[in-house]
Amino acid sequence: MTFSLLAFDRETGAIGAAAATGNLCVGGWVLRGDPRFGITASQGHTPSTIWGEDALGLLAQGATTQEALDTVIAPDPGRDMRQLAILERGGRTAVHDGARNRPYTGHLEGDGWIAAGNWLASGEVLAQAAEALARPGPALADRLVAGLRAGIAAGSDRRGTLSAALLVLAGTRPPLDLRVDLDPSPVDRLEALLERTRAPEYSAWLDTLPTRQDPHRT
(Lines give C-alpha, C1' and ligand atoms only; values in the text may rest on other atoms or scores of the structure.)
Protein backbone atom coordinates (compact mmCIF):
# COMPACT_ATOMS: atom_id res chain seq x y z
CA MET A 1 0.00 0.00 0.00
CA THR A 2 3.11 2.12 -0.24
CA PHE A 3 5.94 3.07 -2.52
CA SER A 4 9.37 4.08 -1.30
CA LEU A 5 12.67 5.30 -2.70
CA LEU A 6 16.10 4.70 -1.20
CA ALA A 7 19.31 6.28 -2.47
CA PHE A 8 23.00 6.74 -1.69
CA ASP A 9 24.66 10.02 -2.70
CA ARG A 10 28.23 9.21 -3.65
CA GLU A 11 29.29 12.86 -3.70
CA THR A 12 28.26 13.64 -0.12
CA GLY A 13 28.13 10.17 1.45
CA ALA A 14 24.54 10.77 2.53
CA ILE A 15 21.85 8.12 2.42
CA GLY A 16 18.19 8.92 2.12
CA ALA A 17 14.70 7.57 1.64
CA ALA A 18 11.24 8.86 0.87
CA ALA A 19 7.89 7.12 1.04
CA ALA A 20 4.24 7.80 0.31
CA THR A 21 1.09 5.83 1.08
CA GLY A 22 -2.70 5.94 1.05
CA ASN A 23 -2.74 5.29 4.79
CA LEU A 24 -1.44 7.07 7.91
CA CYS A 25 2.06 7.61 9.30
CA VAL A 26 4.24 6.27 6.49
CA GLY A 27 7.43 7.67 8.03
CA GLY A 28 6.81 6.04 11.39
CA TRP A 29 5.92 2.70 9.89
CA VAL A 30 8.21 2.32 6.90
CA LEU A 31 11.55 4.13 7.13
CA ARG A 32 14.51 3.27 9.36
CA GLY A 33 18.13 4.32 9.02
CA ASP A 34 21.54 4.80 10.56
CA PRO A 35 24.11 7.00 8.80
CA ARG A 36 26.89 4.55 9.69
CA PHE A 37 25.29 1.48 8.11
CA GLY A 38 22.34 2.02 5.81
CA ILE A 39 18.66 2.67 5.37
CA THR A 40 15.58 0.44 5.02
CA ALA A 41 11.95 0.56 3.93
CA SER A 42 9.67 -2.10 5.41
CA GLN A 43 6.16 -2.12 3.98
CA GLY A 44 3.50 -4.44 2.55
CA HIS A 45 -0.02 -5.69 3.21
CA THR A 46 0.91 -6.48 6.84
CA PRO A 47 4.19 -4.58 7.31
CA SER A 48 6.74 -5.33 10.01
CA THR A 49 8.46 -2.34 11.61
CA ILE A 50 10.83 -4.88 13.19
CA TRP A 51 12.24 -6.03 9.86
CA GLY A 52 13.93 -2.73 9.01
CA GLU A 53 15.38 -2.30 12.48
CA ASP A 54 16.73 -5.86 12.58
CA ALA A 55 18.27 -5.49 9.13
CA LEU A 56 20.17 -2.40 10.26
CA GLY A 57 21.41 -4.28 13.30
CA LEU A 58 22.77 -7.02 11.06
CA LEU A 59 24.49 -4.49 8.79
CA ALA A 60 26.11 -3.05 11.90
CA GLN A 61 27.49 -6.51 12.68
CA GLY A 62 29.07 -6.77 9.22
CA ALA A 63 26.39 -8.64 7.26
CA THR A 64 25.92 -7.89 3.57
CA THR A 65 22.58 -6.53 2.43
CA GLN A 66 21.55 -9.94 1.07
CA GLU A 67 22.64 -11.72 4.24
CA ALA A 68 20.66 -9.23 6.33
CA LEU A 69 17.60 -9.67 4.11
CA ASP A 70 17.73 -13.47 4.21
CA THR A 71 18.25 -13.57 7.97
CA VAL A 72 15.34 -11.23 8.69
CA ILE A 73 12.73 -12.80 6.42
CA ALA A 74 13.55 -16.51 6.79
CA PRO A 75 11.90 -17.18 10.20
CA ASP A 76 8.83 -14.97 9.59
CA PRO A 77 5.75 -16.97 8.48
CA GLY A 78 4.18 -13.71 7.27
CA ARG A 79 7.01 -12.87 4.89
CA ASP A 80 4.86 -13.32 1.76
CA MET A 81 2.64 -10.43 2.94
CA ARG A 82 5.55 -8.07 3.57
CA GLN A 83 8.11 -6.15 1.53
CA LEU A 84 11.59 -5.04 2.57
CA ALA A 85 14.18 -2.89 0.78
CA ILE A 86 17.70 -2.50 2.18
CA LEU A 87 20.33 -0.03 1.00
CA GLU A 88 23.75 -0.25 2.60
CA ARG A 89 25.82 2.90 3.07
CA GLY A 90 28.03 2.43 0.04
CA GLY A 91 25.25 1.56 -2.37
CA ARG A 92 24.67 -2.21 -2.22
CA THR A 93 21.02 -3.28 -2.25
CA ALA A 94 18.67 -6.17 -1.48
CA VAL A 95 14.88 -6.41 -1.82
CA HIS A 96 12.14 -8.87 -0.84
CA ASP A 97 8.77 -8.28 -2.52
CA GLY A 98 6.48 -10.84 -0.84
CA ALA A 99 4.50 -13.00 -3.25
CA ARG A 100 1.13 -12.44 -1.54
CA ASN A 101 1.20 -8.64 -1.49
CA ARG A 102 -1.55 -7.09 -3.61
CA PRO A 103 -0.67 -6.18 -7.20
CA TYR A 104 1.05 -4.27 -8.51
CA THR A 105 3.95 -5.20 -6.22
CA GLY A 106 7.58 -5.03 -7.28
CA HIS A 107 10.79 -3.07 -7.32
CA LEU A 108 13.50 -1.55 -9.48
CA GLU A 109 17.10 -1.15 -8.38
CA GLY A 110 20.33 0.22 -9.72
CA ASP A 111 23.72 1.45 -8.59
CA GLY A 112 23.00 2.97 -5.17
CA TRP A 113 19.19 3.19 -5.38
CA ILE A 114 15.95 1.24 -4.97
CA ALA A 115 12.33 2.00 -5.89
CA ALA A 116 9.88 -0.46 -4.30
CA GLY A 117 6.13 -0.58 -3.83
CA ASN A 118 3.01 -2.66 -3.39
CA TRP A 119 -0.69 -2.29 -4.25
CA LEU A 120 0.29 0.26 -6.90
CA ALA A 121 -1.70 1.31 -9.93
CA SER A 122 1.00 -0.21 -12.17
CA GLY A 123 4.72 -0.74 -12.53
CA GLU A 124 4.89 2.68 -14.17
CA VAL A 125 4.74 4.25 -10.68
CA LEU A 126 8.16 2.82 -9.88
CA ALA A 127 9.57 3.49 -13.35
CA GLN A 128 8.65 7.18 -13.25
CA ALA A 129 9.77 7.59 -9.63
CA ALA A 130 13.12 5.97 -10.37
CA GLU A 131 13.66 8.14 -13.44
CA ALA A 132 13.11 11.30 -11.41
CA LEU A 133 15.36 10.06 -8.62
CA ALA A 134 18.20 9.30 -11.04
CA ARG A 135 18.28 12.76 -12.65
CA PRO A 136 21.59 14.46 -11.83
CA GLY A 137 21.93 17.87 -10.25
CA PRO A 138 19.64 18.54 -7.29
CA ALA A 139 20.44 17.62 -3.71
CA LEU A 140 19.49 14.13 -2.54
CA ALA A 141 16.46 15.39 -0.59
CA ASP A 142 15.11 17.19 -3.65
CA ARG A 143 15.58 14.16 -5.88
CA LEU A 144 13.73 11.97 -3.39
CA VAL A 145 10.80 14.40 -3.25
CA ALA A 146 10.81 14.63 -7.05
CA GLY A 147 10.64 10.85 -7.17
CA LEU A 148 7.57 10.86 -4.93
CA ARG A 149 5.90 13.44 -7.17
CA ALA A 150 6.64 11.42 -10.28
CA GLY A 151 5.32 8.23 -8.74
CA ILE A 152 2.12 9.91 -7.62
CA ALA A 153 1.62 11.41 -11.09
CA ALA A 154 1.97 7.91 -12.56
CA GLY A 155 -0.80 6.49 -10.35
CA SER A 156 0.70 6.00 -6.89
CA ASP A 157 -1.12 3.89 -4.35
CA ARG A 158 -4.45 2.55 -5.65
CA ARG A 159 -6.29 4.45 -2.89
CA GLY A 160 -4.63 7.80 -3.44
CA THR A 161 -1.94 9.38 -1.26
CA LEU A 162 -2.46 10.59 2.30
CA SER A 163 0.95 10.60 3.97
CA ALA A 164 4.56 11.10 2.92
CA ALA A 165 7.97 11.10 4.60
CA LEU A 166 11.57 12.01 3.93
CA LEU A 167 14.64 10.75 5.82
CA VAL A 168 18.19 11.89 4.95
CA LEU A 169 21.19 10.84 7.03
CA ALA A 170 24.86 11.81 6.85
CA GLY A 171 27.82 11.73 9.17
CA THR A 172 28.36 15.45 8.70
CA ARG A 173 24.81 16.69 9.31
CA PRO A 174 22.03 16.21 11.87
CA PRO A 175 19.31 13.84 10.65
CA LEU A 176 16.60 15.23 8.39
CA ASP A 177 13.39 13.38 9.29
CA LEU A 178 10.23 15.03 7.92
CA ARG A 179 6.74 13.51 8.05
CA VAL A 180 3.26 14.42 6.89
CA ASP A 181 0.88 11.93 8.46
CA LEU A 182 -2.54 12.87 7.05
CA ASP A 183 -3.07 15.40 4.28
CA PRO A 184 -4.81 15.49 0.89
CA SER A 185 -1.54 16.75 -0.69
CA PRO A 186 1.17 15.26 1.51
CA VAL A 187 4.08 15.76 -0.88
CA ASP A 188 3.28 19.47 -1.18
CA ARG A 189 3.39 19.73 2.60
CA LEU A 190 6.58 17.65 2.74
CA GLU A 191 8.31 19.92 0.22
CA ALA A 192 7.20 22.99 2.20
CA LEU A 193 8.74 21.49 5.35
CA LEU A 194 11.97 20.81 3.46
CA GLU A 195 12.12 24.44 2.37
CA ARG A 196 11.60 25.57 5.97
CA THR A 197 14.74 23.65 7.00
CA ARG A 198 16.69 25.78 4.52
CA ALA A 199 15.66 29.11 6.00
CA PRO A 200 18.89 30.99 6.89
CA GLU A 201 18.32 31.15 10.65
CA TYR A 202 17.28 27.51 10.96
CA SER A 203 20.05 26.30 8.66
CA ALA A 204 22.64 28.23 10.67
CA TRP A 205 21.37 26.65 13.87
CA LEU A 206 21.67 23.17 12.32
CA ASP A 207 25.33 23.92 11.65
CA THR A 208 25.94 24.18 15.41
CA LEU A 209 24.50 20.74 16.28
CA PRO A 210 26.50 17.57 17.01
CA THR A 211 26.97 15.10 14.18
CA ARG A 212 28.46 11.62 13.93
CA GLN A 213 31.73 13.09 12.63
CA ASP A 214 31.74 15.92 15.21
CA PRO A 215 29.77 14.60 18.21
CA HIS A 216 30.88 17.33 20.61
CA ARG A 217 30.14 20.34 18.44
CA THR A 218 28.81 23.40 20.30
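The values are calculated or read from the model by the stated rules, or taken from the named source; none is laboratory data. What you see is a predicted model; the values in this text were computed from it and never measured. Glycine gets a Cβ as well: all are built from the backbone with ideal geometry, and neighbour counts include every protein chain shown. All accessible areas refer to the heavy atoms of the entire protein, side chains included, with ligands and DNA or RNA removed. Shrake-Rupley method; radii C 1.70, N 1.55, O 1.52, S 1.80 Å.
Going by what's in this entry, would Gly44 be described as on the phi > 0 side of the Ramachandran plot, surrounded by 22 or more Cβ atoms within 10 Å (Cβ to Cβ) and in contact (Cβ under 8 Å) with a residue 60 or more places away in the chain? Steps first, answer last, please.
Values: on the phi > 0 side of the Ramachandran plot: yes; surrounded by 22 or more Cβ atoms within 10 Å (Cβ to Cβ): yes; in contact (Cβ under 8 Å) with a residue 60 or more places away in the chain: yes.
Spelling it out, Gly44 is indeed on the phi > 0 side of the Ramachandran plot, surrounded by 22 or more Cβ atoms within 10 Å (Cβ to Cβ) and in contact (Cβ under 8 Å) with a residue 60 or more places away in the chain.
Does Gly171 qualify as being in contact with a Ser or Thr (Cβ under 8 Å, 6 or more places away or on another chain), small (Gly, Ala, Ser) and open to solvent by less than 60 Å² (accessible area, probe 1.4 Å)? Full working, then the answer.
Working: in contact with a Ser or Thr (Cβ under 8 Å, 6 or more places away or on another chain): yes; small (Gly, Ala, Ser): yes; open to solvent by less than 60 Å² (accessible area, probe 1.4 Å): yes.
So Gly171 passes the test.
Has the range 186-197 got at least one residue that is surrounded by 14 or more Cβ atoms within 10 Å (Cβ to Cβ), in contact with a Ser or Thr (Cβ under 6 Å, 6 or more places away or on another chain) and not hydroxyl-bearing (Ser, Thr, Tyr)?
Taking every residue of the range 186-197 in turn, at least one turns out to be surrounded by 14 or more Cβ atoms within 10 Å (Cβ to Cβ), in contact with a Ser or Thr (Cβ under 6 Å, 6 or more places away or on another chain) and not hydroxyl-bearing (Ser, Thr, Tyr).
Among Arg82, Arg135, Arg92, which is among the charged types (D, E, K, R) and within 14 Å of Met1 (Cα to Cα)?
Working: Arg135 fails: within 14 Å of Met1 (Cα to Cα); Arg92 fails: within 14 Å of Met1 (Cα to Cα).
Going through Arg82, Arg135, Arg92 in turn, just one is among the charged types (D, E, K, R) and within 14 Å of Met1 (Cα to Cα): Arg82.
Filter the range 91-122 for residues that are small (Gly, Ala, Ser) and open to solvent by 30 Å² or more (accessible area, probe 1.4 Å); which is nearest to Leu59 (Cα to Cα)? Write out each step before concluding.
If we filter the range 91-122 for residues that are small (Gly, Ala, Ser), which is where we start, we get 91, 94, 98-99, 106, 110, 112, 115-117, 121-122.
Retained after the next criterion (residues that are open to solvent by 30 Å² or more (accessible area, probe 1.4 Å)): 99, 121-122.
Details: Ala99: 25, Ala121: 33, Ser122: 32 Å.
The residue in question is Ala99.
Quickly run through the range 60-84 and pick out the residues that are of a type in the set (Gly, Ala, Ser) and either surrounded by 14 or more Cβ atoms within 10 Å (Cβ to Cβ) or at positive phi (or both).
Of everything in the range 60-84, those that are of a type in the set (Gly, Ala, Ser) and either surrounded by 14 or more Cβ atoms within 10 Å (Cβ to Cβ) or at positive phi (or both) turn out to be Gly62, Ala63, Ala68, Gly78.
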